[in-house]
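Working notes for the structure below.
The values are calculated or read from the model by the stated rules, or taken from the named source; none is laboratory data. Since the model is a prediction, treat every value here as computed from it, not as a measurement. Here the Cβ positions follow ideal geometry from the backbone for every residue, glycine too, while neighbour counts run over all protein chains shown. Accessible surface is based on the protein model in full, side chains and every heavy atom, while ligands, DNA and RNA are left aside. Shrake-Rupley method; radii C 1.70, N 1.55, O 1.52, S 1.80 Å.
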There are 4 protein chains.
Amino acid sequence: MINIGVIGYGYWGPNLVRNFQQCKSTSVKCVCDMHKSVLERVKATHPGVDGTVWTEELINRPDVDAVVIATPVSTHFDLALDALKAGKHVFLEKPMTQTVEQSERLLEEAEKRNLTLMVDHTFIYTGPVRKIHELVTGGDLGEILYYDSVRINLGLFQHDVDVLWDLAPHDLAIMQHVVPHKPVAVSATGMSHFDGEPENTAYMTIFFDGNCIGHIHANWMSPVKIRHTLVGGSKQMVVYNDLDPNETIKVYNKGVTINRNRESVREMLVSYRSGDVHIPQIERIEALAVEVAHFAESIENKTPPLTDGKAGLDVVRILEAATEAMGMQGRPVELT
Amino acid sequence: MINIGVIGYGYWGPNLVRNFQQCKSTSVKCVCDMHKSVLERVKATHPGVDGTVWTEELINRPDVDAVVIATPVSTHFDLALDALKAGKHVFLEKPMTQTVEQSERLLEEAEKRNLTLMVDHTFIYTGPVRKIHELVTGGDLGEILYYDSVRINLGLFQHDVDVLWDLAPHDLAIMQHVVPHKPVAVSATGMSHFDGEPENTAYMTIFFDGNCIGHIHANWMSPVKIRHTLVGGSKQMVVYNDLDPNETIKVYNKGVTINRNRESVREMLVSYRSGDVHIPQIERIEALAVEVAHFAESIENKTPPLTDGKAGLDVVRILEAATEAMGMQGRPVELT
Amino acid sequence: MINIGVIGYGYWGPNLVRNFQQCKSTSVKCVCDMHKSVLERVKATHPGVDGTVWTEELINRPDVDAVVIATPVSTHFDLALDALKAGKHVFLEKPMTQTVEQSERLLEEAEKRNLTLMVDHTFIYTGPVRKIHELVTGGDLGEILYYDSVRINLGLFQHDVDVLWDLAPHDLAIMQHVVPHKPVAVSATGMSHFDGEPENTAYMTIFFDGNCIGHIHANWMSPVKIRHTLVGGSKQMVVYNDLDPNETIKVYNKGVTINRNRESVREMLVSYRSGDVHIPQIERIEALAVEVAHFAESIENKTPPLTDGKAGLDVVRILEAATEAMGMQGRPVELT
Amino acid sequence: MINIGVIGYGYWGPNLVRNFQQCKSTSVKCVCDMHKSVLERVKATHPGVDGTVWTEELINRPDVDAVVIATPVSTHFDLALDALKAGKHVFLEKPMTQTVEQSERLLEEAEKRNLTLMVDHTFIYTGPVRKIHELVTGGDLGEILYYDSVRINLGLFQHDVDVLWDLAPHDLAIMQHVVPHKPVAVSATGMSHFDGEPENTAYMTIFFDGNCIGHIHANWMSPVKIRHTLVGGSKQMVVYNDLDPNETIKVYNKGVTINRNRESVREMLVSYRSGDVHIPQIERIEALAVEVAHFAESIENKTPPLTDGKAGLDVVRILEAATEAMGMQGRPVELT
């Protein structure tokens, strides 16, 4: 049994506590939140779980094996570092940290101490994303040509992070998981429509090695909610509509083949393929339950989790580059 | 009666000839096409219209008042210049020319000779775009904050122009028509998935003066056809789905207002507005018929048409900058 | 404060208990269920509420003012009658009883004792249905011409009632609420695809006085879930799609007017109207919360609730006639 | 080469003439229409085709082998009978005739004279219906349990026929083609909302031998256009949405299986199956072209066409029964 301490019981915290309680390999010992009224709510729902307003207290409890951090991103680094230094495994909300440097420091610390460091990229554990990953790795899509995602809706406005840091981590995590190419540069553009506020409408292009391209549209000012991702492959293409519960994943047997005439380079034969569409049934499970069990397994087996610190760092690296590029109206920033 | 000569009878030519024939103020005298078999088709459908394979012959006919040019873009400049020099009004397919310089030269020539130079931005004359324009100019949307357009589908691949020059002129023409701001810089990114071919998947950001931003996603490699435009205003927002004949334009009474607390700058009150949706009925007319009549009126009244050479130049200017920016992976290019 | 006893804690019971607990005018004293394990669940969630396996015990508690009955329909009559005889107000699940005679008997008993008898037609208290009712009574739709509803999906099969008794009560309750005409006869057809089981696919036509017609399609064997209702009016028409959270109610300014030529009766002028569509914003509230408060008010003010015993009887009357008609392959049955 | 005479050049006539001209095995010799201006239009479009206002003239032309009848239904019988008596093959619009008796008389005459009598049930030759037929006959759907069709819109009102005779022939023709059961009885209900006019909103149930049921909803007064058909099978089910060009046919691997416990009849195991959805690509062809070629083949090979007089009669038989049943508010009428 892995004993868990959870820091932060805001929007996502209750889901974390519930899942860590329901998981057979984990048990929540303590929840930390700065609001006493929140701790009372914890007590009412989970009578056996202690509450504290002191993060050090939670982190240093001898009966806590792993610390789950669900606080604002600006506090992630300090809390995670403290937890690692105290010898605890860490489960960290996304985005992992505010800078690449911080993420690298956490990786280093976790590695040095042989501790599990996992980032909560929940989408990776959902049925639809697992299905896309299966299609890509099984070769069903052929070579991956592009990844295009639109994640827009009205609000909620954030004041400390721009819309890319708020919404794009989901897409970046999924993209990195399913696209078998290495991102090498980032361009981004965006706009703030309210003085002194961060960008609320933004676009990001990710260049990969090879001829694959990624793009994300994130927007807090759209009248309609859209969660629409295209994964273009040379054999088949996927449309992933996260808002359509019945047809979340559609696999299109469509494509283009260009054959050049050897005699005359200028003559090109373009053949279009347009076949059936397949809507695979998607497993309906709570992704967080799968993820929590995976965290426990990773600790027990001392194996790196699917969404380890490295995956979290990769997302932060792109976000950091995007912020820089956005400040230069799209001038690309290389990823090193 | 304005007598018309039409050069090019490929995909769009037959629509042009039919509309110029049906218009009460115009009459087609001659059609020029390099294929004799095509001219025979013209003869069969329009017995009274002459055919020729020589562009000079058509341009120099004394009974031709205006020349309509529906040929590949690489020939636009020479043909239009010849026609203007011969004292003919010109109706030119989009994109107007291959370079800004060429467009400027045509504008100059037309102005010098007091001739009408019109570019065929057909969308401007459609019911939906006229409705959006009416909403913007009537103040219904408030201040225009962003313009976002997705124009993607499978094919048709072009070999001489990239996907932006092929698909984006539509969106740029509409955007320029409805957004009351001046574009000042362009960033663009894209990818060619076939060696030696132009980019088939591309993204373009347009920066306006003020805090308005535009973005276009153009793609020949999408498994699904999407024609989806968002116009974000401070009061209301429009979703324009050109593929939905029943709900082409939806007006959302949605928005965000940010009020700052004077006492404490850090406290911000964000209020979200979410009201009714209105689907105005859109007039079903053939846009090209409206446009052709407008061309005739412009000639008769010596007034500049809605989509004059200036409008055509504005589109070419952005395309030229986008090509340059795309070659630099998104580095922005200022519009001068 | 009205004290409540709830009989039956199956699928719907927990929602009832939660809402009667949250309502300021009501308080749940006791829950009755035949399964002890269920009563333990009640205890865990609502520590202050007693549990019993004996319905008489609950009904006869002096501190219970009103009895809520959420058991299988076959038990409704006996339980409700016992409760009324014990001087308790009654809140009864739908369909009210198995026969018209039973419903009439309950009405009589409640009236004699001046007790409130309410049937849980929850849909009547939802935002969309309240909006339709508002449109009808406000005259926006003109004269109501037809009511057509499709309520189909895969499962859940019932063994004791056919698909009409299972699904149609929702539509009948809504229809009776919004259609200002009196139903006079019913035809129905249906099919059982499994030997010895009740009909799983069925259709029902309701004839009203005047030239209004109603129709319901109920089906447990549809591959797709549809909840789609049309309300045809002479001025405007409503499409109510209960599965579309953003566009639940659409009001179409469409219609047909037929004007006869006085000179020649045979000449008829049909004019079609096709105008804008309006999507009113619908209040998002839990209908059951509204309904529970309405029950409390009805008791306190001694006023008949919106969905009183009479409304429940009207639904049962149509269902009973439909069963009879369905047994005769559609032969109509008059409602008396 | 089969020489064709076409009677009636209204809405559908031009499509018939064009297709019979384009077909390699047929050639249109003459068109008959009562309006001279219409005949001039024929002349302009098809210079080699004669025109006449006299049906006898067309029917009795020695160079006409087959007569195509596209006139109002009230004239079908007389014209078709005359043509058959003159020894001509007949291609007849749907519905075939106004009564069963008339259809039977035509069948008899055609058989006696060894002439081809075909009814224009165009839908049978479309890609989607051919695909459904293929799925049914290939056993992919299992046993056919129900056929449910909705064909509603704001329609062209007819004054001489009710909405069932106007719209349901399409559905009845498709249903008869794909459902491998024999219809035995019909119930129908409907309403006319305008005094003295035929029913504009109507519902029809078709009972088959075995436990299969069919239902059609036809309506000229719907604010939305719906063309939605469900074919329920024991193995798989089909949703056919004729208005969705990209997903016209969807095959759902969904179903219900009921296994009874032998020990205890009352215990029933219901198992629900919910698998993938498949969207087969549908051939895009003009159905009428296929149909016209099939007519020619049937004449040449002396084989009965797919939509022969018998198929036309079967549709009329159900319509006649439906009219009778509708007059009795749903009382069923047996098909003999």
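Yes or no: A:GLU291 outside the structural domain of A:SER103 (by TED's automatic domain parsing), among the acidic types (Asp, Glu), modelled with pLDDT of 95 or more and not in a helix (DSSP H, G or I)? No: the conditions fail for A:GLU291. Listed conditions (1) more than 14 Å from every other protein chain (Cβ to nearest Cβ); (2) of a type outside the set (Lys, Arg); (3) more than 17 Å from A:VAL129 (Cβ to Cβ) are all met by A:GLU291, apart from (3). Residues of segment B:205-215 that are more than 7 Å from chain A (Cβ to nearest Cβ) and surrounded by fewer than 24 Cβ atoms within 10 Å (Cβ to Cβ): B:PHE208, B:ASP209, B:GLY210, B:CYS212.
Residues in segment A:47-74 that are polar (S, T, N, Q) and open to solvent by 50 Å² or more (accessible area, probe 1.4 Å): 2 in all. For D:ALA185, are the conditions met, namely being outside any helix (DSSP H, G or I), more than 7 Å from chain C (Cβ to nearest Cβ) and either open to solvent by less than 10 Å² (accessible area, probe 1.4 Å) or among the aromatic types (Phe, Trp, Tyr) (or both)? Spelling it out, it is not the case that D:ALA185 is outside any helix (DSSP H, G or I), more than 7 Å from chain C (Cβ to nearest Cβ) and either open to solvent by less than 10 Å² (accessible area, probe 1.4 Å) or among the aromatic types (Phe, Trp, Tyr) (or both). Scanning segment C:39-72 for residues that are touching a helix residue (DSSP H, G or I) at 6+ places or on another chain (Cβ under 9 Å), modelled with pLDDT of 95 or more and more than 20 Å from C:ILE2 (Cα to Cα) gives C:VAL53, C:THR71.
Across segment B:166-177, the qualifying residues are those that are in contact with a Leu (Cβ under 9 Å, 6 or more places away or on another chain) and surrounded by 24 or more Cβ atoms within 10 Å (Cβ to Cβ), and the one among them that is farthest from A:ASN259 (Cα to Cα) is B:LEU172. Selection of segment D:248-263 for residues being crowded, with 19+ Cβ neighbours inside 10 Å and either over 19 Å from C:ASN200 (Cβ atoms) or basic (Lys, Arg) (or both) yields D:THR248, D:ILE249, D:LYS250, D:VAL251, D:LYS254.
Do we find a residue being under 15 Å from C:ASP308 (Cα atoms) and touching a Ser or Thr at 6+ places or on another chain (Cβ under 7 Å) anywhere in segment C:122-143? Yes - at least one qualifying residue is present in segment C:122-143. Regarding D:TYR147, is this residue of a type in the set (Phe, Trp, Tyr) and facing chain C (nearest Cβ under 7 Å)? It is false that D:TYR147 is of a type in the set (Phe, Trp, Tyr) and facing chain C (nearest Cβ under 7 Å).
Within segment C:267-287, does at least one residue satisfy the condition of being in a helix (DSSP H, G or I) and either modelled with pLDDT of 95 or more or away from every other protein chain (no Cβ under 14 Å) (or both)? Yes: one or more hits.
Of all residues in segment B:272-303, those that are of a type outside the set (Gly, Ala, Ser) and without any contact (Cβ under 8 Å) to a residue 60 or more places away in the chain total 9. On the given criteria, is A:CYS23 buried (at least 18 other Cβ atoms within 10 Å of the Cβ) and closer than 22 Å to A:THR97 by Cα? So A:CYS23 does not fit the description; no.
Could you say whether any residue in segment C:80-88 is basic (Lys, Arg), touching a residue at least 60 places away in the same chain (Cβ under 8 Å) and touching a helix residue (DSSP H, G or I) at 6+ places or on another chain (Cβ under 8 Å)? Checked against the condition, which is being basic (Lys, Arg), touching a residue at least 60 places away in the same chain (Cβ under 8 Å) and touching a helix residue (DSSP H, G or I) at 6+ places or on another chain (Cβ under 8 Å), segment C:80-88 yields at least one hit.
Within segment C:76-108, the set of residues being of a type in the set (S, T, N, Q) and surrounded by fewer than 16 Cβ atoms within 10 Å (Cβ to Cβ) comprises just one member, C:THR99. Of all the residues in segment C:239-264, those that are β-branched (Val, Ile, Thr) and either over 29 Å from B:HIS278 (Cα atoms) or more than 8 Å from every other protein chain (Cβ to nearest Cβ) (or both) number 4. Only one of the numbered conditions (1) open to solvent by less than 10 Å² (accessible area, probe 1.4 Å); (2) more than 9 Å from every other protein chain (Cβ to nearest Cβ); (3) closer than 30 Å to B:GLU143 by Cβ is not met by A:ARG227, and that is (1). Does B:MET328 satisfy the criteria of being more than 23 Å from B:LYS131 (Cβ to Cβ) and at the interface with another protein chain (Cβ under 10 Å from one of its Cβ atoms)? Here the answer is yes, as B:MET328 does meet what is asked.
Could you check segment D:163-200 and list, in sequence order, the residues that are in contact with a strand residue (DSSP E or B) (Cβ under 6 Å, 6 or more places away or on another chain) and of a type in the set (Asp, Glu)? Of everything in segment D:163-200, those that are in contact with a strand residue (DSSP E or B) (Cβ under 6 Å, 6 or more places away or on another chain) and of a type in the set (Asp, Glu) turn out to be D:ASP171, D:GLU199.
Across segment B:130-144, the number of residues qualifying as closer than 15 Å to A:HIS193 by Cα and either open to solvent by 10 Å² or more (accessible area, probe 1.4 Å) or outside the structural domain of B:GLN236 (by TED's automatic domain parsing) (or both) comes to 2. Could you please let me know if A:MET191 is within 12 Å of another protein chain (Cβ to nearest Cβ), touching a Ser or Thr at 6+ places or on another chain (Cβ under 8 Å), under 27 Å from B:MET237 (Cβ atoms) and at pLDDT 95 or above? Against the criterion (within 12 Å of another protein chain (Cβ to nearest Cβ), touching a Ser or Thr at 6+ places or on another chain (Cβ under 8 Å), under 27 Å from B:MET237 (Cβ atoms) and at pLDDT 95 or above), A:MET191 qualifies. The condition of being open to solvent by less than 40 Å² (accessible area, probe 1.4 Å), touching a residue at least 40 places away in the same chain (Cβ under 8 Å) and more than 10 Å from chain C (Cβ to nearest Cβ) holds for only one of D:ALA218, D:ALA202, that being D:ALA218. For segment A:234-247, residues that are in a loop (DSSP other than H, G, I, E, B) and buried (at least 21 other Cβ atoms within 10 Å of the Cβ) total 1.
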